[in-house]
Structures are given as structure tokens and as C-alpha cells.
Amino acid sequence: MGIGFDMFKANIGWSLADGVMESVSNAIEKKAAQAEAEKQESDADDMLRTLVFMAGNNIALDRAAKKAIASVLSEINNETISLFSIEAQIDSIYSELKTESLEDFFEDITAIYTDREQTGFMYAVAMILYMHLSDEKVALPLHVYNLSLIKKYFEIERSELAECYEMLGKKLEKDVDDVADIFEELTSEESIKKIEAENPTLICDNSTVSKVAALPEVAACDNPKEGIETYYNAAVAGTDSTFTDRFILADSNPKKVIAAVNAYAKNCKGEEILIAYDDSAFGNGKVGFLLSNKKLYVCNSFEKPNEINLTDVHSIVANPKLMNSFITVNNIKIDTTMLNGHGTEIVADFLQKAIPLAMQVEGAQ
């Protein structure tokens with residue numbers, strides 16, 4: 001250990017010095033082992049989150065896709081990992097991803113910035129998952145799109161890609177060049193542009209999410225209710241009956257409005273109900289939202305109802321995914337699962353325009 005350590009030994013005794021150094025060495029080794037264990041746990045969490053993102057972002061995460069995730073984890077860990085043992089984790093991560101921006105998601109995957117070798121490994125495993133999804137016959141262009149997002153946000157370089165393809169080739173017992181050709185074509189710029197063109201409701205970054213920082217000021221209107229009807233008619237123009245059966249003027253379907261009032265808007269006495277949206281699976285009106293001249297009443301499936309005073313509304317955000325679309329008013333989520341992404345944007349835009357007018361409508365007599 002050098003002269004310094006020899007003097008240390010001479011001053012306190014050889015036996016004691018060796019004992020002290022052994023204790024220090026053991027403490028260092030224990031701390032290093034603990035740090036390594038924590039890193040492995042963090043990497044495992046990052047891996048699972050990445051696989052759930054790959055399989056479930058923008059689309060419904062069905063059982064076949066969950067099974068593919070479990071199969072991949074079993075394969076890379078050389079142990080049997082049943083879907084039963086991790087399904088709760090998958091569902092929990094998936095529920096978070098549905099409300100999380102892409103930037104937030106990728107920033108949470110710490111290995112992107114701290115360990116390039118682990119990052120490359122995670123991308124290779126994402127490619128293995130795509131192969132499993134193909135085997136399960138549930139692979140979609142959207143899975144390719146999500147794979148390209150991982151490639152983009154992980155900032156995978158060509159040298160790292162070469163290592164990923166080599167790993168995948170060995171894993172699949174296929175020629176590395178053939179594997180590279182397959183995935184280079186899948187995630188090429190031309191391929192991704194085609195996928196985006198065919199799926200315009202995909203969210204590839206926050207710029208494609210319709211955001212309203214604040215509701216516009218609207219001058220007093222002689223007949224605000226007619227103004228709302230004008231906005232409504234413009235909004236539904238060109239849509240089909242499936243859309244207008246769910247997104248309705250209250251006066252056009254009193255029966256559905258009454259069902260909604262009884263289910264989740266019992267506090268609307270004395271208010272003028274203007275608009276209703278029905279998100280129920282069977283069209284019974286018991287979940288969705290009601291817009292009155294005072295409040296926005298919201299009820300999602302299997303959740304407690306919410307009420308938002310119109311005077312408190314300051315932001316509306318549309319999240320127009322291909323499936324499981326929703327709108328956020330302030331911090332309250334409104335499911336629009338029965339609409340496609342474009343329908344969600346229509347409703348969000350309507351609310352932005354209609355709420356200032358709704359506050360000018362007089363209450364029910």
C-alpha cells in the first residue's frame with residue numbers, strides 16, 4: 001500500500017491495521033455490491049417499461065401482447081417468467097403510459113443516459129419482442145412505429161445498431177446481415193412516413209397533442225345557446241351516425257340525458273343541460289360527460305364522478321390516440337374510448353369554443 005500505509009501500521013500495530021483495512025475493504029465491497037444490485041433492479045424496471053411501451057403504446061394491450069412480453073423476459077433471463085407473475089406490473093405500467101408524455105417516459109428510462117451498453121441491449125430486446133409479437137400474429141405497423149421511437153429516443157448509433165443486430169442474429173440463429181436488412185427496412189424513414197400517413201392519430205411527440213393553454217375570451221352573445229348549437233353542427237358535419245349517437249345536443253335525446261343525470265350528475269338541479277357525450281359500451285348514457293351552463297359533469301367507467309365548475313376551467317388537452325383516447329380538462333381525465341382519435345380532437349375543440357358561451361346561458365326554469 002506504500003509508505004503511508006507502512007507508517008500507519010507502525011503507529012497502531014500490524015494486527016489492528018490489517019483488521020481496519022479488511023473492514024474498510026469489506027465495506028467498500030458491500031457498498032459496491034449493493035450499488036450493482038440497485039442498478040440491476042433499475043435496469044430490469046427500465047426493460048419492462050420499454051417492453052410495455054413497445055407492445056402497448058397507441059394501442060390496446062391485449063393478452064397476446066402481454067404473453068409476448070413474458071416470453072421475451074423468460075428468454076433473456078433464461079428462466080420461466082409466467083404472465084401471471086408480472087401481469088399486475090404490466091397493467092400498472094400500461095396505465096401510467098396512457099397518460100405520460102413520450103418525453104417523460106424516455107427521461108425515466110435512466111439507462112439511456114447512464115449505460116450505452118445497456119441501452120443497446122434494451123433496443124435489441126425490443127426487436128426480439130417484435131419477433132415474438134409476429135409469432136403471436138399480433139404484430140402491427142404500430143409496433144414497428146414504436147420500435148422506431150425507441151430507436152430515435154435512445155439515440156442508437158450505427159455502431160450500436162451493428163452490435164444489436166449481431167446479438168439478435170445469434171439469438172435467432174440467423175445471418176446477421178439478413179437481420180439487419182429486415183429491421184433497417186422496417187424502421188426506415190420511408191416506412192415510418194407511410195405508417196404515419198396511414199395512422200394520422202399516432203402521437204409521436206407532444207407537438208401532435210392538441211393543447212389549449214387557456215380558454216378564449218368570448219364577447220357577450222345575444223343567444224349563447226344558439227351559438228353552441230352552431231358550433232355543434234359545424235363540429236359534427238361530415239361525421240357518421242356512430243359519432244352523433246354518442247356526442248349529442250341535450251335537447252335531441254332527453255332519455256340519454258336523464259340517464260346521465262341519474263347516474264352521475266344529480267347535482268345539476270336548476271342548471272341548463274346543453275351537451276352530452278356517452279362513452280358507455282352499450283350506449284346507455286351512464287358514463288361520459290354532461291355540459292351544463294354551470295358545470296362539466298364527468299364519469300369514466302369504474303371511476304367516481306367528477307364535477308368541474310366552468311369558471312375554473314383553464315385548459316383542455318386532447319390525447320388523440322388510435323385507441324383509448326381521452327381529453328383532459330384541467331387535471332380531470334375524460335375517457336373517449338368510443339371515439340377514434342379524430343373524434344376526440346373534435347370534441348375537445350368543441351368544448352374549447354362552447355364553454356365560454358355555456359356560461360352565458362341562463363339556468364333552467
Answer yes or no as to whether GLU307 is modelled with pLDDT of 90 or more, open to solvent by 10 Å² or more (accessible area, probe 1.4 Å) and part of a strand (DSSP E or B). yes
Could we say that GLU345 is part of a helix (DSSP H, G or I), at pLDDT below 90 and open to solvent by 20 Å² or more (accessible area, probe 1.4 Å) here? yes
Could you say whether any residue in the stretch 50-60 is under 17 Å from MET131 (Cβ atoms), open to solvent by less than 30 Å² (accessible area, probe 1.4 Å) and without any contact (Cβ under 8 Å) to a residue 12 or more places away in the chain? no
Any idea how many residues of the stretch 280-295 are open to solvent by 10 Å² or more (accessible area, probe 1.4 Å), without any contact (Cβ under 8 Å) to a residue 60 or more places away in the chain and not aromatic (Phe, Trp, Tyr)? 6
I'd like to know if the stretch 92-112 contains one or more residues that are under 19 Å from LYS171 (Cβ atoms) and touching a Ser or Thr at 6+ places or on another chain (Cβ under 6 Å). no
Could you list, ordered by first residue, the pairs with Cβ atoms under 6 Å in which the first is in the stretch 116-143 and farther than 15 Å from PHE183 by Cα and the second is among the hydrophobic types (A, V, I, L, M, F, W, C) and not in a helix (DSSP H, G or I), at least 6 apart or interchain? THR119/PHE154
From the list VAL261, VAL298, VAL257, which one is outside any strand (DSSP E or B), open to solvent by less than 20 Å² (accessible area, probe 1.4 Å) and at pLDDT 90 or above? VAL257
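The values are calculated or read from the model by the stated rules, or taken from the named source; none is laboratory data. As the structure is a computational prediction, the values presented were derived from the model and not from experiment. So basically every Cβ, Gly included, is an ideal-geometry build from the backbone, and we count neighbours across all protein chains shown. The area values use the complete protein model at the heavy-atom level, side chains included, leaving out ligands, DNA and RNA. Shrake-Rupley method; radii C 1.70, N 1.55, O 1.52, S 1.80 Å.
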